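Heads up, the thing below is written out as structure tokens.
Read-outs: derived from the displayed coordinates by stated rules, not from any lab. Keep in mind the model is a prediction, meaning the values are calculated, not measured. Don't worry about glycine lacking a Cβ; one is built from the backbone with ideal geometry, like all the others, and counts go over all protein chains shown.
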DNA sequence: CATAACATACCAGTTGGACGGTTTCGTCAA
DNA sequence: TTGACGAAACCGTCCAACTGGTATGTTATG
């Protein structure tokens, strides 16, 4: 009835925007703030439109998590392409990808927080386990050393500390730490 | 009217039970499942009773988080008492406390998951930062080395991996890792 | 008997989601 | 080139269940 229908249709754009808004809400106000009304309202899309793209709230969350995993995969793959040494390559890719996602200027700091929030949902945790398992099987030939496991563990620790703002350390110490971690992947 | 009022009054027990139920709900079904109705229902206490102990939902969550921090503090302090060497004592205490909380048989595996869920709420994240800051100031004399920071970071990584079930490694590798971490705190 | 420890009843707002409508778009026959 | 047509991309409304919270009880306990 109103002019609302008359705007151009851009399904992919709208879909992405819905995911972005959901991510922003999750990182800024926590899981309890991610409601269908809030998401649809903040993105200028009706709830009907939202439920057209994502048939249920769970589907929305899963899609959001999936997009984050895809972004992580892409970042890892990019880092791995620039790495000539096969041994420990995936672990270095994982490390660099996590660090890069933090250092991106435009609010991709949200990325970590959204991941955190989503990981707190038990249903999505299984998806994460599957991802890790799949990766560790995929790179069992080059990245199954104890040291590599330690580096990946430490990467998670850095990721967690970054997002919580705890364990603040100066850049010098950070540089030395990262250098040491990379060294460990090469042993 | 019913016999509900006739049962014995045991405020501390009821209060603790409410916290336990909230923790269980959070770890099993995520933050969105922690509602006043769900908590009061699952603990056999009326919603009025719940709101008598915790005047608001936020107060309940804060109290829950506070109790977790208290438990962590206690575990650290206990570990530190058994440690004769001052240098790096807090960091070792932190490491041992996190490991001990994991190895406790009765569902204290929940502990990590609840912490995770609570940490995903932005309001409580600040409380965590304060805790870390307070601790790092308190032990600036004995635990401010770069290596100590690294160990605490790695501890967080282990904690995260344990709770997510990712990065699974055998006991041998784990033992070696922990040994190395302890060694680092002593340098 | 005063107060803390509960319970019961109720409320206004919000929740996820079902539903039926309207508009645009790709496509394919004429 | 057109234009009909089905599907996809939206919109707006309604609803039952649930949400956090209030107000007012009732009972046990010091």
For this session: Treating each Cα of the stretch B:14-143 as an identical point scatterer and ignoring solvent, apply the Debye formula and state log10 I(q)/I(0) at q = 0.16, 0.21 Å⁻¹.
Result: -0.83, -1.20
For this session: Would you mind ranking A:171, B:183, B:62, B:121 so that the residue whose beta carbon has the fewest other beta carbons within 10 Å leads the list?
Result: A:171, B:183, B:62, B:121
Exercise. If you wrap a convex hull around the C-alpha atoms of the protein assembly as shown and split its volume per residue, what is the figure in Å³?
Worked result: 175 Å³
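With N set to the residue count of the stretch A:81-179, report its C-alpha Rg divided by 2.2 N^0.38 Å to two decimal places.
Values: Rg = 14.4 Å, N = 99, 2.2 N^0.38 = 12.6 Å.
The reported ratio for this selection is 1.14.
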For this session: Shortest first and in nm with one decimal, please list how far the residue A:175 label point sits from its counterparts in the other copies (point 7 Å along Cα→Cβ).
Result: 4.0
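Using Cα pairs closer than 8 Å and at least 6 residues apart in sequence, work out the relative contact order for chain B, in percent.
Details: 142 pairs, mean separation 38.9, N = 187.
Rounded, it is 21 percent for chain B.
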Problem set entry | For residue B:57, inter-copy label distances in nm, listed shortest first [label point 7 Å out on the Cα-Cβ vector] | 1.0
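Under the definition of partner shielding as Cβ atoms of other protein chains within 10 Å of a residue Cβ, what is the mean value for peptide B:119-127? Don't jump to the answer; show the numbers that get you there.
Working: counts 6, 14, 7, 8, 2, 1, 7, 2, 0.
Mean number of neighbouring Cβ atoms from other chains: 5.
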Exercise. Can you pull the mean other chain C-beta count within 10 Å for peptide B:112-118?
Worked result: 3
Exercise. If the label for residue A:84 sits 7 angstrom from Cα along the Cα-to-Cβ line, what are its distances to the same label in every other copy, in nm to one decimal, shortest first?
Worked result: 5.3
For this session: Give me the distance in nm between label points sitting 7 Å out from Cα along the Cα-to-Cβ direction at residue A:123 and residue B:63, one decimal.
Result: 3.0 nm
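How big is the stretch A:6-75 by the Kirkwood estimate over distinct Cα pairs, in Å? Don't skip to the answer; put the middle values down first.
Working: mean 1/r = 0.0811 Å⁻¹.
One decimal place: 12.3 Å for the Kirkwood radius.
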